[in-house]
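Below you'll find the structure, written out as structure tokens, and then a few comments.
The values are calculated or read from the model by the stated rules, or taken from the named source; none is laboratory data. Since this is a predicted model, take the numbers as computed values, not measurements. Note that we place each Cβ from the backbone using ideal geometry, even for glycine, and neighbour counts take in every protein chain shown. For accessibility, only protein heavy atoms count, side chains too; no ligands or nucleic acids. Shrake-Rupley method; radii C 1.70, N 1.55, O 1.52, S 1.80 Å.
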Amino acid sequence: MTAAPPGISVVLPARDEGDRVGATIASALDAAAGPAGVEFVVVDDCSAPEKRPEVGDAAARRRTTVIRSARHLGVGAARNLAARHARGRVLFVTDAHTRFSAGWDRAATRLLAPGRILSVTIADSTSDWRGHGCRLVVPYMGTRWNTTPPGPAPHVHVASSAGTVVERALFDRLGGYDEGMVHYGGFEPEFSVRAWRAGAEIVHTTDIEITHRFKPREEVTSFVGTARTSIVHNCLRFGTAHLPESMILQMVRLHALEFPEHIRAALALLEERGAWRRREELAATLPHDFAWFVRRFDLLDQIGRPVPEK
């Protein structure tokens, strides 16, 4: 007799995470109300041999598919690859160094609805800090955490990478994460804005809490230093895809002033990877433009001015 497919597929991109992957899987299984309905899809994103994902015990291995990539995909392409191998109706996108709150699977199933993406609460493993989704910063095209719950109208601009829950059918309809971006940075806000423009909604919940291992400051500094050109490119691609044309040059100037040693390479990548073609595709296929998103959230730019519609 063939076993029923899982209801939820936990999507885990992992690069040099080692035994943190097994600890994340163990936490999710221990906290699940119905662990039999959960599977894990891990993408080993070209980890060093000594840091490849370690899944854990036999019970975890039976519920886990590990896909190894011979080249560095980056978080967006790794998540998309995991989603293509997932069997569940629901995708729970998280990181490979997280812990799950009790009954997370039951809450996800109860709260999810067609056209809805869940943004779960993110806790810091070393403090009392909580993140309740993110808000978009324009025209820089970064994000800032919401540090208080959004209240009776729980819609947020952006769902975190450590806790995004979406029906696989909606994920597929949206096209997943933008693989025109490079390696790291900007994937979650771009996916979220595109989801809003496509007619979906992002609803924050405090009923699911994911405790996240944030990198120490010195580790962040080292990592961002090596990834900065990719991050700048991804912000530029995000803005080129969605911002009104009058703000795109402003966005480029902001990044050029802050990262003069990276801007030339980032702009070359922007051209090579078809950013303007991507803009035209989204304009032709999405029912809402960015001006609709601005009106939906009464969005101001990062210094408090109105965002132009064109």
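Using a 1.4 Å probe, how large is the accessible area of Thr109, given in Å² and rounded to the nearest 10?
Surface open to solvent at Thr109 totals about 70 Å².
Which far-off residues, 5 or more places away or on another chain, put their amide H under 5 Å from the one on Phe40, with H placed in the peptide plane?
So Phe40 has HN proximity to Val10, Thr64, Thr65.
Accessible area per residue of the chain at 1.4 Å probe, in Å²?
Value for the chain: 46 Å² per residue.
Treating each Cα of the chain as an identical point scatterer and ignoring solvent, apply the Debye formula and state log10 I(q)/I(0) at q = 0.08 Å⁻¹.
So the normalised log intensities are -0.34.
What FRET efficiency comes out for the pair Arg61/Ser125, r = Cβ-Cβ distance, R0 = 22 Å, nearest 0.05?
0.30
So how do Glu219, Glu39 rank on accessible area, 1.4 Å probe, biggest first, that is with the largest at the start?
Glu219, Glu39
Pull out the extension gain between Arg89 and Tyr140, defined as 0.36 nm times the separation in residues minus the alpha carbon to alpha carbon distance; nm, one decimal.
14.9 nm
For segment 36-96, what is the convex hull (Cα atoms) projected area averaged across all directions, in square nanometres?
Taking the Cα atoms of segment 36-96, their convex hull projects to 4.4 nm² on average.
Of the candidates Ala162, Ala86, Ala33, which one comes out as most mobile in a Gaussian network treatment of the chain with C-alpha springs shorter than 10 Å?
With Cα springs under 10 Å in the chain, the top fluctuation among Ala162, Ala86, Ala33 is at Ala33.
How much of the pair distance distribution for segment 1-147 lies past 21 Å, counting alpha-carbon pairs only, in percent?
Cα-Cα pairs in segment 1-147 separated by more than 21 Å: 47 percent.
Round to a whole number: what % of the accessible area of the chain belongs to carbon and sulfur, probe 1.4 Å?
51
Let me check I have the definition right: for segment 232-309, take the eigenvalues of the Cα gyration tensor, multiply each by 5, take square roots. What are those semi-axes in whole Å, largest first?
Gyration-tensor ellipsoid for segment 232-309: 22, 18, 7 Å.
Stick to the Cα atoms of segment 83-133, pair each with every other, and give me the Kirkwood hydrodynamic radius in Å at one decimal.
Every distinct Cα pair counted, the radius reaches 12.9 Å.
Per residue of segment 11-22, what does 6.51 cos²θ - 1.76 cosθ + 1.60 with θ = phi - 60° give for ³J(HN,Hα)? Whole Hz please, x for Gly and Pro, Karplus curve as stated.
Working through the residues one at a time gives 9, 10, x, 9, 10, 6, 9, x, 6, 5, 5, x Hz.
Once you have a ≥ b ≥ c as the square roots of the Cα gyration tensor eigenvalues for segment 99-161, tell me rounded if a/c is under 1.5, and otherwise prolate or oblate according to whether a/b is larger than b/c.
oblate
Treating only the Cβ atoms of Lys and Arg (+1) and Asp and Glu (-1) as charged, compute the dipole magnitude of the chain about its Cα centre; round to the nearest 20 debye.
Dipole size: approximately 440 debye.
So between Phe223 and Glu281, what do we pick up on full extension, going 0.36 nm a residue minus the alpha carbon distance?
17.6 nm
Per-residue HN-Hα couplings for segment 174-191, Karplus 6.51 cos²θ - 1.76 cosθ + 1.60 at θ = phi - 60°, whole Hz, x for Gly and Pro?
These are the phi-based 3J(HN,Hα) values: 6, x, x, 7, 6, 7, x, 6, 10, 6, 8, x, x, 5, 5, x, 5, 4 Hz.
DSSP beta bridges in the chain, what fraction antiparallel, as a percent rounded to 5?
Rounded to the nearest five, the antiparallel share is 40 percent.
Can you give me the distance in nm between label points at Glu179 and Ser246, each placed 7 Å from the Cα along the Cα-to-Cβ direction?
Computed distance between label sites Glu179 and Ser246 equals 3.7 nm.
What list of ³J(HN,Hα) values in whole Hz, one per residue of segment 108-118 in order, does the Karplus curve 6.51 cos²θ - 1.76 cosθ + 1.60 (θ = phi - 60°) give from phi, with Gly and Pro shown as x?
So the Karplus estimates, Gly and Pro as x, are 4, 5, 5, 8, 6, 8, x, x, 10, 10, 9 Hz.
Determine which residues of segment 29-58 fall in the zone a paramagnetic label at Asp16 would reach in this model, i.e. backbone nitrogen under 17 Å from the point 7 Å along Cα→Cβ.
Backbone N within reach: 44-54.
Distance between Cα centroids, segment 79-144 to segment 1-55: provide it in whole Å.
Using only Cα atoms to place each centre, the spacing works out to 15 Å.
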